[in-house]
Amino acid sequence: MHSELDVAKAKNPGPVRFEGDVVRLSVTYKSPSALLSEFTRSIGKGGVSIASRKAVPVGTRFVFELKAKGVPDVVEVHGEVVGVKNPETNLHLLTIKYEQPEKREGLDSLIHRIFEAHKYEKVRKHARIPIQLRAQDSAGGHYLVRDISQGGLGIEVLGLQLPNYVKVGEPFLLELALTLGELGLYGQVVWAFQGTRSKDNKVVSPGFGVTFGKLRPDTMQRLDKILSLQALPPPPWKASVAFGREAVARMP
């Protein structure tokens, strides 16, 4: 059985355990940040497809146990099989719909560890929380918000080139619908990277950083809820971004 949860930054995927009508899959990541990055990516998509050699009926409950290396806390992601296809003999493609986590102990503990570790950070003013949030602008540009803090955002461009309207000093706005209502985060682009190839010929995507302006108290409250992953958007996560005059015109 294979899940999107055990690729990329995952290490040491554990065995699949069948406990009655519940299937448990344990995956270990190299750090709390890597775990939270994968957690937000998975929850943000709202579901996952898994190839299984074992027949699993619709309605079967799944529990993904996410662990960070050297950290005792476990983050559980619950889901339910909502569809089964059989593209090949003896192969079952399961569609699993995720649920918002009810137990937050493991999640809160990992977030606390990130903020505690940041106390020793000498370069960055604010602790960054990994988040995998896809966004689009009115010109058709696609982006991935990779991290968020009380001070700003780190954003990857999902393309080969940095758009010519993404420039240092340009006003910026990100709009996102939360469970608490609409959120608008405004600021300006403070650095931009054109993208390149590494020495081993891997493509390093273009990206840019945003520093927030003076946010309103209600906006700061909602931002804090995001940083603690308590007010997540309904899946699939998606946001809109704007630059320059368009951003200024749309700022709350």
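The values are calculated or read from the model by the stated rules, or taken from the named source; none is laboratory data. Values in this document were obtained by computation on a predicted structure and should not be read as measured data. Positions of Cβ are backbone-derived with ideal geometry, glycine not excepted, and every protein chain shown enters the neighbour counts. Quick note on the areas: whole protein, heavy atoms, side chains included, nothing else; ligands and nucleic acids left out. Shrake-Rupley method; radii C 1.70, N 1.55, O 1.52, S 1.80 Å.
Overview of results
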{"read-out": "Boolean, Val84 is in a loop (DSSP other than H, G, I, E, B) and touching a residue at least 24 places away in the same chain (Cβ under 8 Å)", "value": "no"}
{"read-out": "The one condition in (1) modelled with pLDDT of 90 or more; (2) open to solvent by less than 60 Å² (accessible area, probe 1.4 Å) that Val56 fails to fulfil", "value": "(1)"}
{"read-out": "Given (1) outside any loop (DSSP other than H, G, I, E, B); (2) modelled with pLDDT of 75 or more; (3) surrounded by fewer than 16 Cβ atoms within 10 Å (Cβ to Cβ), number of the condition Phe18 does not satisfy", "value": "(2)"}
{"read-out": "Candidate set from the range 198-219 (those that are surrounded by 12 or more Cβ atoms within 10 Å (Cβ to Cβ) and of a type in the set (Ser, Thr, Tyr)); member that is modelled with the highest pLDDT", "value": "Thr211"}
{"read-out": "Pairs, first in contact (Cβ under 8 Å) with a residue 40 or more places away in the chain in the range 192-210, second among the acidic types (Asp, Glu) and surrounded by 10 or more Cβ atoms within 10 Å (Cβ to Cβ), C-beta under 6 Å, six or more apart", "value": "Ser205/Glu156; Gly207/Glu156"}
{"read-out": "Complete set of residues in the range 194-239 that are β-branched (Val, Ile, Thr), closer than 17 Å to Leu173 by Cα and over 19 Å from the mean Cα position of the chain (by Cα)", "value": "Thr211, Thr219"}
{"read-out": "Members of the range 132-141 that are out of contact with any Lys or Arg (no Cβ under 8 Å at 6 or more places or on another chain), open to solvent by 20 Å² or more (accessible area, probe 1.4 Å) and in contact (Cβ under 8 Å) with a residue 60 or more places away in the chain", "value": "Ser138"}
{"read-out": "Of all residues in the range 142-197 being among the hydrophobic types (A, V, I, L, M, F, W, C), touching a helix residue (DSSP H, G or I) at 6+ places or on another chain (Cβ under 6 Å) and modelled with pLDDT of 95 or more, the one that is surrounded by the fewest Cβ atoms within 10 Å (Cβ to Cβ)", "value": "Leu173"}
{"read-out": "Positions within the range 52-70 being closer than 28 Å to Ser33 by Cβ and either in contact with a strand residue (DSSP E or B) (Cβ under 9 Å, 6 or more places away or on another chain) or acidic (Asp, Glu) (or both), in sequence order", "value": "Phe62, Val63, Phe64, Glu65, Leu66, Lys67, Ala68, Lys69"}
{"read-out": "Residues satisfying the stated conditions in the range 66-78, i.e. out of contact with any Lys or Arg (no Cβ under 6 Å at 6 or more places or on another chain) and either among the aliphatic types (A, V, I, L, M) or touching a residue at least 24 places away in the same chain (Cβ under 8 Å) (or both)", "value": "Leu66, Lys67, Ala68, Val71, Asp73, Val75, Glu76, Val77, His78"}
{"read-out": "Search result, residues across the range 78-107 that are charged (D, E, K, R), open to solvent by less than 70 Å² (accessible area, probe 1.4 Å) and modelled with pLDDT of 90 or more", "value": "Glu80"}
{"read-out": "Top-ranked residue in the range 114-131 [being open to solvent by 30 Å² or more (accessible area, probe 1.4 Å) and under 19 Å from the mean Cα position of the chain (by Cα); ranked as nearest to Trp237 (Cα to Cα)]", "value": "Arg128"}
